[in-house]
1. If you go through segment 115-130 one residue at a time, do you hit one that is in a helix (DSSP H, G or I), at pLDDT 95 or above and either more than 30 Å from Lys64 (Cβ to Cβ) or of a type in the set (S, T, N, Q) (or both)?
2. Select from segment 162-203 the residues that are in contact (Cβ under 8 Å) with a residue 24 or more places away in the chain, open to solvent by 20 Å² or more (accessible area, probe 1.4 Å) and within 14 Å of the ligand (Cβ to nearest atom) and list them in ascending order.
3. Looking at (1) in contact with an Asp or Glu (Cβ under 7 Å, 6 or more places away or on another chain); (2) crowded, with 24+ Cβ neighbours inside 10 Å, find the lone condition where Lys286 falls short.
4. Among the residues of segment 253-273, which ones are open to solvent by 70 Å² or more (accessible area, probe 1.4 Å), free of Cβ contacts under 8 Å to residues at least 40 places away in the same chain and at negative phi?
5. Is it true that some residue in segment 120-132 is among the hydrophobic types (A, V, I, L, M, F, W, C), within 9 Å of the ligand (Cβ to nearest atom) and crowded, with 23+ Cβ neighbours inside 10 Å?
6. So Leu250 fits all but one of (1) assigned to a helix (DSSP H, G or I); (2) crowded, with 18+ Cβ neighbours inside 10 Å; what number is the exception?
7. Check segment 22-44 and report whether any residue there is small (Gly, Ala, Ser) and under 20 Å from the mean Cα position of the chain (by Cα).
8. Assess whether Ala106 counts as being crowded, with 16+ Cβ neighbours inside 10 Å and modelled with pLDDT of 95 or more.
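The values are calculated or read from the model by the stated rules, or taken from the named source; none is laboratory data. Just so you know, these numbers come straight off a predicted model, no measurement behind them. Positions of Cβ are generated from backbone atoms using ideal geometry, with glycine treated the same way; all protein chains shown enter the neighbour counts. Just so you know, the surface numbers come from the protein's heavy atoms only, side chains and all, with ligands and any DNA or RNA stripped out. Shrake-Rupley method; radii C 1.70, N 1.55, O 1.52, S 1.80 Å.
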Amino acid sequence: MLLALFWLLFVGLLLCAFLFSKTTKEFPKSWFEWKTEFRYQYLGIVGLIHDAHYAARDRVALYKQPDRIAVITGGNRGIGLRIVEKLLACDMTVVMGVRDPTSAEAAVGAIVDLKESKGKLICEQLDVGDLKSVQAFAQRIKERYTKVDLLLNNAGIMFAPFKLTADGYESHFATNYLGHFLLSHLLLPRLKAAGKPGKNARIVNVSSCVNLIGRINYKDINGNQQYYPGTAYSQSKLAQILYTRHLQTLLDAEKSHVQVNVVHPGIVDTDLFEHSATTSVPMFKKLFFKTPERGSRTVVFAAIDPSIEGQGGTYLSNGGKGPFHPDARKPEKCEKFFKFSCELLKIKQYGNGEY
Ligand code: NAP
């Protein structure tokens, strides 16, 4: 009897855990959707354990670098806001590419004394899911600055319902990946101008541990035939890693002083989870997820830490190297996807800044 009760309780708890940590508020409708959910739950648990286990390693030392210019996408809330706070504390000039520059400046102003800060904040309009907006943003940066030291591709969306952007791309693919792929291409000449021997300019792509379950669906990149938000998100996060790895190969070949790294910031309590069932358990998130401040640490570490100078192409998590998708270890797979992206955007020579 006691044993039966124990099992009943155990199964009940498992069911509750499953229901409250689903990537969507809907119920899975097919085996494909169930499988995706189970894989997310597994990665979520492993991710939380990794965050707890490596909490002591998850640190970044801030130091003054007033001559450096950093460009970040997003930054008005969540992890990005805390990244901006840290970069300003290093006395950098920080250019935020945001959808609403006025409210973004107010958001930063609420946590940083912008009048006293030696760091300088500039907020520019950018919708990274819109290729024309990316082009216009990059153009404004190029007109204003002759060099860019850091580019942090941070903006992102997760588990959003199916939507095509004005350019005809699925919104996760467009926002999390393609817009950033284009922005990096357009700003690379300025990054190359900033990098020096022993002091690389850096690109940091904010990816996610869910890259591990990602798959690039070349035949249907938008997921028109079978769309599931979790699959679209993991595809976009794997895309960031494949592109990072191949771009570093190209940069190394031309001996340029630019390095590109990719980061999993941890499982962080932000609005990113707005479409997931975890919104019903805010206390759980408060207790077990990282705060946005902690989530910003490895991203800033990737951007400024001298210990990883010259180590481009690495995937960082909790202040150290982390496990990533096996495809990203295969140069031919990275190159194939990179070329595919260039073809989508009709880029002939990646990194020449022309579009
Ligand atoms: P968040 O709090 O939801 O912030 C998302 C940011 O992206 C906001 O600044 C948002 O600006 C911006 N953004 C979204 N779509 C945009 C667009 N089309 N154009 C310009 N900006 C746009 O999420 P977060 O947790 O800080 O996420 C930051 C990054 O970390 C994302 O790339 C995410 O995938 C990654 N990440 C997060 C977690 C986590 O657990 N939170 C885990 C792994 C990876 P608006 O205010 O204009 O929407």
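1. Going residue by residue through segment 115-130, those that are in a helix (DSSP H, G or I) are none.
For segment 115-130, residues in a helix (DSSP H, G or I), at pLDDT 95 or above and either more than 30 Å from Lys64 (Cβ to Cβ) or of a type in the set (S, T, N, Q) (or both): absent.
2. Listed by number, the residues that qualify are Leu164, Thr165, Ala166, Asp167, Tyr169, Thr175.
3. (2)
4. The first filter runs over segment 253-273 and keeps only residues open to solvent by 70 Å² or more (accessible area, probe 1.4 Å), leaving 253-255, 271.
Restricting the remaining residues to those that are free of Cβ contacts under 8 Å to residues at least 40 places away in the same chain gives 253-255.
Scanning segment 253-273 gives Ala253, Glu254.
5. Step one: filter segment 120-132 for residues among the hydrophobic types (A, V, I, L, M, F, W, C), giving 121-123, 126, 128, 131.
Subset that is within 9 Å of the ligand (Cβ to nearest atom): 126, 128.
Now drop any that are not crowded, with 23+ Cβ neighbours inside 10 Å, which leaves 126, 128.
Checking segment 120-132: at least one residue is among the hydrophobic types (A, V, I, L, M, F, W, C), within 9 Å of the ligand (Cβ to nearest atom) and crowded, with 23+ Cβ neighbours inside 10 Å.
6. (2)
7. Quick first cut of segment 22-44, residues small (Gly, Ala, Ser) only: 30, 44.
Remaining after also requiring under 20 Å from the mean Cα position of the chain (by Cα): 44.
Yes: one or more hits.
8. On the way: crowded, with 16+ Cβ neighbours inside 10 Å: no; modelled with pLDDT of 95 or more: yes.
Spelling it out, it is not the case that Ala106 is crowded, with 16+ Cβ neighbours inside 10 Å and modelled with pLDDT of 95 or more.
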